[in-house]
Amino acid sequence: RDPTRSCVLSTWGFNSWNFYHCNIDEQSVMKTADAFVANGMAKAGYKYVNIDDCWMVERAPNGEIQPDPVRFPSGMKALADYVHSKGLKFGLYTAQAEFTCQKRPGAFNHEAQDAATYCKWGIDYLKIDGCGGARHPNRSTSWQLFRKGFDDCYQKTGHFIVMSVESCGSMSDACHWYTPELANLWRTDGDVQVGYATCCSLLVVLFFLLGYMEFRFVKLGQKQCDGIHCQQRPLQ
């Protein structure tokens, strides 16, 4: 089995968005990694510590994506090294369009360069959102460019980067046919909110997709819900 096309192990872990939103910083990431080890979650299989939107602020004159120097003063390579030192894996976020959902620089026309940068930093997981501004006419173009970049990374270094992409939208969208060839996992739904309505809608989507994929797909990847939203307050 080609390891660049399938996740051999699960991608259970933590995504910063629902709790931190744009207020994420390197100290919070390090504390999360420490907590995973201390509370037994790492031993139970929760290995990924992933930062969502807002970690980047601009591109350097040579086009390289730049992390926020105030929130991430040590840089992403050092942060990835810290997470790895705990026996965990480290992930980042981007968007295939010109801008991320929080108006930070996206990957449009920088996919190959960004893939090389993420390989250099040693990240293990990339979430590729959609979001706004200019973008390639075909949504698969950005995914194809990242896929090639990550394949090159694996061939040169042996380092595997999980590639997670945006949902296709309508079940009739042709991207359902090529997504399993490019991504390791992909979204099936919108952002998770605290409430029974979210839980019920997720169950409906998952039951539908299980039947759809059983009959329509020969090669299966991993379907991915947005996440489980854990907070110390009751569902509404």
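The values are calculated or read from the model by the stated rules, or taken from the named source; none is laboratory data. A quick note: this is a predicted structure, and the numbers were derived from the prediction, not measured. Every residue, glycine among them, receives a Cβ derived from its backbone with ideal geometry; neighbour counts consider all protein chains shown. Side chains are part of the model used for accessible areas, which takes the heavy atoms of the whole protein and leaves out ligands, DNA and RNA. Shrake-Rupley method; radii C 1.70, N 1.55, O 1.52, S 1.80 Å.
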Legend entry - Hits in region 24-78 (condition: within 18 Å of the chain's Cα centre (by Cα), among the acidic types (Asp, Glu) and part of a helix (DSSP H, G or I)): GLU26
Legend entry - Some residue of region 134-144 being open to solvent by less than 20 Å² (accessible area, probe 1.4 Å), at pLDDT 95 or above and out of contact with any Lys or Arg (no Cβ under 7 Å at 6 or more places or on another chain): no
Inset, instruction - Select, from GLY63, GLY45, the only residue that is modelled with pLDDT under 95, more than 19 Å from ILE161 (Cβ to Cβ) and surrounded by fewer than 14 Cβ atoms within 10 Å (Cβ to Cβ). - result: GLY45
Inset, instruction - Test each condition in (1) open to solvent by 60 Å² or more (accessible area, probe 1.4 Å); (2) among the aliphatic types (A, V, I, L, M); (3) farther than 22 Å from ILE161 by Cα; (4) not in a loop (DSSP other than H, G, I, E, B) for ALA112 and report the one that comes out false. - result: (3)
Inset, instruction - Go through (1) of a type in the set (Gly, Ala, Ser); (2) open to solvent by less than 60 Å² (accessible area, probe 1.4 Å); (3) under 20 Å from VAL29 (Cβ atoms) one by one and return the number of the condition ALA107 breaks. - result: (3)
Inset, instruction - Determine which member of the set VAL37, VAL29, VAL83 is in contact with a Leu (Cβ under 9 Å, 6 or more places away or on another chain) and open to solvent by less than 60 Å² (accessible area, probe 1.4 Å). - result: VAL29
Inset, instruction - Would you point out the residue of region 129-147, among those that are in a helix (DSSP H, G or I) and within 17 Å of the chain's Cα centre (by Cα), that is farthest from CYS119 (Cα to Cα)? - result: ARG139
Inset, instruction - Identify all residues within region 117-132 that are of a type outside the set (D, E, K, R), under 20 Å from VAL83 (Cα atoms), out of contact with any His (no Cβ under 8 Å at 6 or more places or on another chain) and open to solvent by 10 Å² or more (accessible area, probe 1.4 Å); write none if there are none. - result: TRP121, TYR125
Inset, instruction - Please go through region 148-168 and pick out each residue that is outside any helix (DSSP H, G or I), of a type in the set (Ser, Thr, Tyr) and surrounded by fewer than 18 Cβ atoms within 10 Å (Cβ to Cβ). - result: none
Inset, instruction - Could you grab me the full set of residues in region 46-69 that are farther than 10 Å from GLU26 by Cβ, free of Cβ contacts under 8 Å to residues at least 60 places away in the same chain and in contact with a strand residue (DSSP E or B) (Cβ under 9 Å, 6 or more places away or on another chain)? - result: TYR46, LYS47, VAL49, CYS54, MET56, VAL57, GLU58, ARG59, ALA60, ILE65, GLN66, PRO69
Inset, instruction - Please determine, by comparing only the residues of region 181-196 that are charged (D, E, K, R) and under 13 Å from TRP17 (Cβ atoms), which one is modelled with the lowest pLDDT. - result: ASP191
